[in-house]
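Here the structure is laid out as structure tokens; the discussion comes afterwards.
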Amino acid sequence: MSYLVLARKWRPQTFEEVVGQEPITKTLQNALVQRRIAHAFLFSGPRGVGKTSVARILAKALNCQTGPTPQPCNDCQLCREITNGLSLDVLEIDGASNRGIDEVRDLREKIKYPPVQGNYKVYIIDEVHMLTKEAFNALLKTLEEPPAHAIFILATTEPHKVPVTILSRCQRYDFRRIPTALIQEHLANMVAREGWHLDPEGLALVAREAEGSLRDAEGFLDQVVTFGGQQVDSAEVARILGVTERGALLAALEALVTRQSPTLLTLIDQLYNQGHDLKRFYQDVVQYTRHLLLAGLYPESRSLVDVADSEWEALSALARQASPVQLHNLLSVLLQGEEELRRAPQPRLALEVLLLRVIHLEPLAPVAEWVKRLEVLERRLAHLPLAVAEPAAGMALSSSAGEIAPPTPTAIPEGPEGMKIAERWPAFLQYVQQKEGGPLFGKLSRCRLGQVKDRCLQLVGNRSLIQLNAKQEERLNGLLRAFFGENYSFQVEIQEAPEKDKRPPAPHPTEGVGLPTHRTTDLKQQALEIFGGQWVTTGADKEESE
Amino acid sequence: MSHPILERHLESRSLKPLYLFYGEEEFLMDRAVKRLETFLAGDLGEAPLRIVQESQEIDLEDFLAQARMPPLWGSGQLLVLRRVEAYPAKALQALLPYLAHPARRSWLVLTAPSLKAKEVEKHPIFSRLLKEHAALAFWRRREEELYPWLMQEAKRLGKSLTPAAARRLVEVVGDNLAELSQELEKVALLAGEENTLAPHLVEQLASHSRSYNIFALVDALGEAQPHKRLTALAHLLEMGEPPPLILSMLARQVRLLIHLKEATPGSPPETLTGKLKLPGGVLKRLAQQARAFRLSALRAHLLLLQRVDYQLKTSAANPRLWLEWALLQMGPG
């Protein structure tokens, strides 16, 4: 018999053999036991996770001579025919190459004929999302009321491309990526049965490369054995797959954390001479830095890091030598450098420069300190008279038009009552805007909140801008009481501006009285852009209010 | 039960020759048609000939002519015409002579999912059907009606659904009856011999549902432990969700949370439901989540997500790492 690739040789033939999709296989088996079989299924999920395999097993389970049964015998003629793709009752259609309306019409014509041998005529349409709109419409009618002997199994990697009308007529099962540990276990069984010798670390490398796809993992294993023979060690596996060996990655990270430039440069030189793809090495370093960060700061995430226990221990030990800020910054800077390296005409040079830059990121911690100081400064500025406040668009326009500048604000209201009201003032303005809008909101938005005493809010502003008529006063009182509670009132304090006011205008009230949130964020952003690094300490944030 | 009026007609064997089913809940409409078909099969002693057509495929006059033609085989026919509201008013006039002299062995069901109650009341022909109890409304169920409905459905499947499991199912699936019915069917199958459908069974299958997982990610975002965020993200990636899609779903959730936070305190939930175009149940869930966040933190998260979006679209770096990096920076604030 000609050579069969592993994925085909070890394709699961029973529900029990399917790896990593237990809730789905169990549900389907129970449906078969209880004879509650839907007339249309949709299997969605990434490639290589078992959609088509489960579809074929289901077809066998339905048509097996002992069936419908949750355990197809794989021995009867019908089962064998389905396994070999020879059954006349199981039609596997590739949606990508039979995507037109004519193919679906043909299917509709033939569906009325009963199965030749089995109990059901099973239509497996793979990559169903590739069908044209017209083909989907033609399929819709058939899916709605198929003959009792017909069962549809649609499989797709892109369920969002399948029309909702089709989706709603199918019993849908979302297949998940298979966890690396399960893939590794499955590969180990396979290797043992084939009589090959691969160490667990090598198998782990293969499993990790597959990224949740068992078929990919089997393909990689095929590749490894074809190149390396039946006995392959982890270093050889890494070389064949083009990934960097764990030892080299750990050494690179150690050099980065402990700031040993010569060691790092030597390592790069060795990898270069061994013919390693340096861009791939960098990607692996970034990935490993992520593992280092998790090992150091979030040890609860052990299950999310696909490394052996010994590697995890080594990473944890290394992470202890670095501060949390350093670990965070390491990942941030490396992540951002990836694009730089991709575009570099001389990858080796770019890699060396990038990693040396990471090593010499000496003032990383002081950046946080700098930002903290900026925040303190910012808060102090926010409490100052509006000399440094940002101008609101409308205000800037009035000033430039030569109108009287808005009044000079004083400090935010004092005392707990005042602070509370000040916090809710922007929300109140929004409330007024929604309820009333118009001139009243316009006037209120031009004044600012002064002191609050005995539930009386002082509104400070320029005469021409905030003077209210009797109706507006009454309305405002009503709104104040509705928003803040009974017994709240207001009084207007007119504050005329100096003749030539060179001060910038008042902040827009909706930005909040004494709430410098946006400006703080902007400053943080600017600081980060200037200094690089990332935002870690958010102590000041806690003091912000919503 | 399909529809109380239809059930009454079935019980008294006084079926109307033509029914109009209107309202947005097509799942219940389909069920009522099936109920009618089953009844006719029992009554006639054999399954009626069933013809289903769309208004785009056939003129109303031709459809009615088809109804007048007695079936060649069998003793009766059930004709269903979908989306009848698409016909112009003039075309609908053809119904009047048919209603005056309906065919004896044909039963007609016209469905109109986008027809509103007021439109039916004002329409010269539909209002007549309404008066004759031949126009039946199928409205979307309110959230509080969903739980008893689900429990009844579970009973129909021979299972008992706990209230907690019913709540979990609605949280996971939403308020679409067709989807709820399908998921309930799957949970019942997963349960096998087990008679009670408990929340753990819903969880087991729900972990395979995408809507569940984006909520789980936002829930985790509201907690202080970053590893929970990473676990929720890993779950979504295992489901095969592409990272840019996860990012956009996350950004959408954050935007909705910001809208909720920015809403005027005390504004009625109905206003928000309309403004955000979300069902009540989802809004309730969002409101619960919003409590865990500070507004300033949410705004910062949106900026951060925008930055990551740029990176995902312009660089070849590992998207998972970028998403994880962003999630580590995010939090309740």
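We did not get these values from a lab; they are worked out from the coordinates using the rules stated. These figures come from a predicted structure and were not determined experimentally. Ideal geometry is used to build each Cβ from the backbone, glycine not excepted, and the neighbour counts take in all protein chains shown.
Per residue Cα convex hull volume for segment B:143-206, in cubic angstrom?
64
For segment A:180-241, compute the orientation-averaged projected area of the C-alpha convex hull (one quarter of its surface), in nm². Approximately 3.2 nm², given one-decimal rounding.
Classify segment A:10-97 as rounded, prolate or oblate, taking a ≥ b ≥ c as the square roots of the eigenvalues of its Cα gyration tensor: rounded when a/c is under 1.5, otherwise prolate if a/b is larger than b/c and oblate if not. It is rounded, given that a/c, with a ≥ b ≥ c, falls under 1.5.
Amide H contacts under 5 Å for A:LEU459: A:GLY450, A:GLN491, A:VAL492, A:GLU493, restricted to partners 5 or more places along the chain or on a different chain, H placed in the peptide plane at 1.01 Å from N. Geometric descriptor of chain B, per residue, is 190 Å³ (volume of the convex hull of the Cα atoms). The alpha-carbon of B:LYS186 sits under 27 angstrom from the alpha-carbons of these lysines, leaving out residues fewer than 8 places away in its chain: A:LYS26, A:LYS51, A:LYS60, A:LYS121, A:LYS141, A:LYS161, B:LYS34, B:LYS155, B:LYS159, B:LYS284.
Using a cutoff of 8 angstrom between alpha carbon atoms and counting only pairs six or more residues apart, the relative contact order for segment A:1-142 works out to 21 percent. Charge tally around A:LEU440: other residues with Cβ under 13 Å, Lys/Arg +1 each, Asp/Glu -1 each, net +2. Taking other Cβ atoms within 10 Å as a rough exposure proxy, B:MET69, B:MET239 sort from fewest to most as B:MET69, B:MET239.
For B:ARG140, nonlocal amide neighbours, meaning residues 5 or more places apart or on other chains whose placed amide H falls under 5 Å from its own, are B:GLU24, B:GLU25.
What is the sum of charges around B:PRO97, taking Lys and Arg as +1, Asp and Glu as -1, for the other residues whose C-beta is under 15 Å from the C-beta of B:PRO97? Surrounding charge for B:PRO97 is 0. Each residue of segment A:253-262 was assigned a 3J(HN,Hα) from its phi angle through the Karplus curve 6.51 cos²θ - 1.76 cosθ + 1.60 (θ = phi - 60°); the sequence is 5, 4, 5, 5, 5, 8, 6, 10, 4, x Hz, with glycine and proline shown as x.
In plain terms, the bigger the Kirkwood radius, the slower the diffusion; for the protein assembly as shown, with that radius from Cα pairs, at 20 °C and 1.002 mPa s, Stokes-Einstein puts D at 66 µm²/s.
Neighbouring Cβ atoms from other chains, within 10 Å of the Cβ of residues in B:313-321, number 5 on average.
For segment A:246-359, the pair-distance distribution built from all alpha carbon pairs, in bins 10 Å wide starting at 0, is 14, 50, 31, 6, 0 percent.
For segment B:4-137, the Kirkwood estimate of the hydrodynamic radius, built from every pair of different alpha carbons, is 14.9 Å. If you bin all the Cα-Cα distances of segment B:210-329 at 5 Å, starting from zero, the percentages per bin are 2, 11, 23, 23, 19, 12, 7, 3, 1, 0. Using the Cβ of A:GLU486 as centre and a radius below 14 Å, the other residues enclosed give a net charge of +1, where K and R count +1 and D and E count -1. Across the alpha-carbon atoms of segment A:6-174, the computed radius of gyration and Dmax are 14.8, 40 angstrom. In the protein assembly as shown, the DSSP beta bridges split such that about 10 percent are antiparallel, to the nearest 5.
When A:VAL237, A:VAL5 are arranged by Cβ crowding within 10 Å, least crowded first, meaning fewest neighbours, the order is A:VAL5, A:VAL237. Among A:THR25, A:THR266, a tally of other beta-carbon atoms within 10 Å of each Cβ gives an order, fewest to most, of A:THR266, A:THR25.
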